[in-house]
Amino acid sequence: MNTEECLICKAPLEYLVRDEIMECAVCHKKEASKTRCVNGHYVCSDCHTQGMDSIFGLCLSETTTDPIAILRRMMELPFCHMHGPEHHVMVGAALLTAYKNAGGQLDLENALREMYSRGKAVPGGACGFWGACGAGISTGQFLAIVTQSTPLAREPWGLSNQMTARALESIGKAGGPRCCKRDSFLAILAAVDFVLEHLGVQMEHTTPVCSYSSRNNQCIGKRCPFSAYR
């Protein structure tokens, strides 16, 4: 068994049926959550994603049009864990960067800051508790940003919701349990195809081979579309 579970004691996580008030073991903030380790430790999203602002420098220096490559470089940064809400920001940030590099009209720095704000609002565990994986939601947020969608928009409103639906369909068909790496890859590949189809911007489409399975206690093995052993 790997140690990519509780950030405090490495014990497995458990998910509760309903919210309980928990105290973060790092900053001691108290808030409602359904997630803790079997030894009772809870780490809030802000502490879990500490250091995530390092993605700004990485994205602003990238020249590739391959969002998978950008995402994988983010995944190697110290702040990124095997699972966690950081992926809800990283997926959209990788897409914004590749979209800009592929010729999309975008103020990248401001777009990344907006993605950071929106993505952080999606809590960890949304995939299981909301029925909507945060990686999939991140693609809809990405599309809403590049099309300047608002709740009163017409075509952008529709496209951003269609984008989220396309990504969630791909993630849902792969089945559970969750893997933040697999779901992020699936979401990005769905977005690359969708953006070419609807916005005419061609980002690079590359299918990754997973190098994270040894860190995932819930890896689905050969069922994963990115498994090295298929």
Original post:
If you check residue 194 against the conditions, is it closer than 20 Å to residue 220 by Cβ and either aromatic (Phe, Trp, Tyr) or outside the structural domain of residue 74 (by TED's automatic domain parsing) (or both)?
Top reply: no
Subject >> Breaking point among (1) within 30 Å of residue 223 (Cα to Cα); (2) of a type outside the set (A, V, I, L, M, F, W, C); (3) assigned to a helix (DSSP H, G or I), for residue 117 >> reply: (1)
**OP:** Residues that are closer than 25 Å to residue 99 by Cβ, among the acidic types (Asp, Glu) and out of contact with any Phe, Trp or Tyr (no Cβ under 8 Å at 6 or more places or on another chain): find the helices (runs of 4 or more DSSP H) completely inside the range 129-230 holding 1 or more of those.
**Re:** 155-174, 180-199
Subject >> So residue 28, is it assigned by TED's automatic domain parsing to the domain that holds residue 124 and at pLDDT 90 or above >> reply: no
**OP:** For residue 43, work out the one condition from (1) closer than 21 Å to residue 190 by Cα; (2) crowded, with 19+ Cβ neighbours inside 10 Å it doesn't fulfil.
**Re:** (1)
Original post:
In this structure, does residue 97 turn out to be in the same structural domain as residue 124 (by TED's automatic domain parsing), in a loop (DSSP other than H, G, I, E, B), among the hydroxyl-bearing types (Ser, Thr, Tyr) and at pLDDT 95 or above?
Top reply: no
Subject >> Within the range 208-225, considering residues that are free of Cβ contacts under 8 Å to residues at least 60 places away in the same chain and of a type in the set (S, T, N, Q), the one surrounded by the most Cβ atoms within 10 Å (Cβ to Cβ) >> reply: 213
**OP:** Take residue 156 and decide whether it is free of Cβ contacts under 8 Å to residues at least 60 places away in the same chain and not assigned by TED's automatic domain parsing to the domain that holds residue 18.
**Re:** yes
Original post:
Looking at 64, 35, which is the one that is in contact (Cβ under 8 Å) with a residue 60 or more places away in the chain and in the same structural domain as residue 102 (by TED's automatic domain parsing)?
Top reply: 64
Original post:
With 122, 201 as the choices, which residue is among the aliphatic types (A, V, I, L, M) and either within 24 Å of residue 48 (Cα to Cα) or within 18 Å of the chain's Cα centre (by Cα) (or both)?
Top reply: 122
Subject >> Within the range 170-186, tally of residues that are surrounded by fewer than 24 Cβ atoms within 10 Å (Cβ to Cβ) and touching a residue at least 60 places away in the same chain (Cβ under 8 Å) >> reply: 1
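Go over the candidates 96, 159, 189 one by one and state the one that is surrounded by fewer than 24 Cβ atoms within 10 Å (Cβ to Cβ) and within 22 Å of residue 64 (Cα to Cα).
After ruling out the rest, the residue left standing is 189.
The values are calculated or read from the model by the stated rules, or taken from the named source; none is laboratory data. Here the structure is a predicted model, which means the values were calculated and not measured. As a convention, Cβ positions derive from the backbone with ideal geometry for all residues, glycine included, and neighbour counts pool all protein chains shown.
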